[in-house]
Structure formats: structure tokens, C-alpha cells
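Working notes, structure below.
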Amino acid sequence: MKKQSILGIVVLFCMALTAQEKKDNYLSKVKTLDSTIKTLYAVISGEKGEARDWELFKYLFHPEAKLIPSGKNREGKVAARFMTSDDYVSTSGSYLVDNGFYEIELHRKVDTFGNISQVFSTYESYRSKSDKTPFMRGINSIQLLNDGNRWWIINIYWMQESKEYPIPKQYLPD
């Protein structure tokens, strides 16, 4: 009985150490605005069949954050859909893994005032890292908050490029 108790304590201690290491690793990914944006793109990207770290994905977002895709709906009207990070994982997570998906940042425009930042981040999307031509481009409008310890994504509001709305030159690399 004593050996089982000691073993139980050792297991719990190891689990606590592992959880703290993971938390420290996650915290390092949101210490700067740049690391937060880079982690956002990296965590959703991967080859077909490659698992994503959805726990890290959710860690990027403030608990009240929204992910808001915009575009024309089935009736052809412009609309926005509001999701939590959990909603995004449940509606898009398996699609990204099943099909392969890489989102690469092309250009970034940042405006900061005090502890808030607005980032216009132009992206290209690929099915595989080896693809030469993107299947989609667009702009992510990312709002962030720095609470003094880390950056939180408050909202991501995005729109895909279309023939009707090509990406303006000021949001593309020189």
C-alpha cells in the first residue's frame, strides 16, 4: 500500500512538471506580438494527416475572443459568421488535418496604441508545403491585447481575395 502511495505521488509530481513545462512553452509563444502571430499561422498549418496542437491554438485566444470569417453567403449577400476558438476547431479542425493546409503570412501592417494592436496580415493558403501556387489569399484583421504578461488574440476578422476584391498593393510585399 505504501509503495502504491509513493508511486501515485511520483506520477502526480511528474504530471505537474509536464503541465508546467507545457505552460512555460506556451507562454513563450505569446510574449511578443511577432511570436503570437507566427504561432497563430504555425499552429493551423500542417501536411495532410498531421495533427495540430489545438490546445496551443486555444491558448492564443482571450476567453471571449471571436473568429469572424466574412464573405458572400449562399444567397450572394455579404455576411460574417462569429465563432469561438472551440467552434473553429470543431468546424474546421478535421478539414485542415484531412486535406492539408498551410497559411503563410506575406505582409503585415501593425498599428499599436498602448496595450492594443491592430494587425492587417496578408496571407496565402496552400494544401502542402511543397505546393508552388496558393489556392487562396486574403487578409486577416487581428486585434490583440497585451495584459502586461502576454499577448491575447481578441478577434480575427478575415476576408478572402476575390476578382471583385483583389488585395490592395499596400497590403502586399514590395
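The values are calculated or read from the model by the stated rules, or taken from the named source; none is laboratory data. Predicted model only: the values in this text are computed from it and were never measured. With ideal geometry, Cβ positions are generated from the backbone for all residues, glycine too; neighbour counts draw on all protein chains shown. These area figures cover heavy atoms from the full protein model, side chains too; ligands, DNA and RNA do not enter into them. Shrake-Rupley method; radii C 1.70, N 1.55, O 1.52, S 1.80 Å.
Take the conditions open to solvent by 70 Å² or more (accessible area, probe 1.4 Å), closer than 17 Å to TYR41 by Cα, charged (D, E, K, R) and within 15 Å of the chain's Cα centre (by Cα) and apply them to LYS129. Does it pass?
Taking the combined requirement at face value, the residue does not satisfy it.
Go through (1) assigned to a helix (DSSP H, G or I); (2) of a type outside the set (Asp, Glu); (3) under 21 Å from LYS129 (Cα atoms) and name the single condition TYR88 misses.
(3)
For GLU75, are the conditions met, namely being of a type outside the set (S, T, N, Q) and either at positive phi or exposed (fewer than 12 other Cβ atoms within 10 Å of the Cβ) (or both)?
In short, yes.
Can you pull out every residue in segment 54-90 that is among the β-branched types (Val, Ile, Thr) and at pLDDT below 95? Before you say what the answer is, go through the steps one by one.
Step one: filter segment 54-90 for residues among the β-branched types (Val, Ile, Thr), giving 68, 78, 84, 89.
Passing the criteria: only VAL78.
Residue by residue, here is whether (1) modelled with pLDDT of 60 or more; (2) hydrophobic (A, V, I, L, M, F, W, C); (3) surrounded by fewer than 10 Cβ atoms within 10 Å (Cβ to Cβ) holds:
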position	(1), (2), (3)
LYS2	yes, no, yes
VAL10	no, yes, no
PHE13	no, yes, no
GLU21	no, no, no
ASP24	yes, no, yes
SER28	yes, no, no
LEU33	yes, yes, no
THR36	yes, no, no
ARG52	yes, no, no
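Pick from segment 90-124 the residues that are more than 21 Å from PRO166 (Cα to Cα) and aliphatic (A, V, I, L, M): which of them is most open to solvent (accessible area, probe 1.4 Å)?
Within segment 90-124, the match that is most open to solvent (accessible area, probe 1.4 Å) is ILE116.
Tell me, please, whether a residue that is outside any strand (DSSP E or B) and basic (Lys, Arg) can be found in segment 67-75. Walk me through how you get there before you give the answer.
We begin by selecting, within segment 67-75, every residue outside any strand (DSSP E or B); these are 73-75.
After this cut, where a residue has to be basic (Lys, Arg) as well, the list is 74.
Yes, the conditions are met somewhere in segment 67-75.
For segment 113-124, how many residues meet the condition of being part of a strand (DSSP E or B) and free of Cβ contacts under 8 Å to residues at least 24 places away in the same chain?
2
Filter segment 132-174 for residues that are crowded, with 16+ Cβ neighbours inside 10 Å, without any contact (Cβ under 8 Å) to a residue 60 or more places away in the chain and in a loop (DSSP other than H, G, I, E, B) and give the result.
PRO134, GLU161, ILE167
Would you tally the residues in segment 30-65 being outside any helix (DSSP H, G or I) and over 22 Å from VAL97 (Cα atoms)?
First, the residues of segment 30-65 that are outside any helix (DSSP H, G or I): 30-32, 45-53, 60-65.
Those still in the list that are over 22 Å from VAL97 (Cα atoms) too: 30-32, 62-65.
Total satisfying the criteria: 7.
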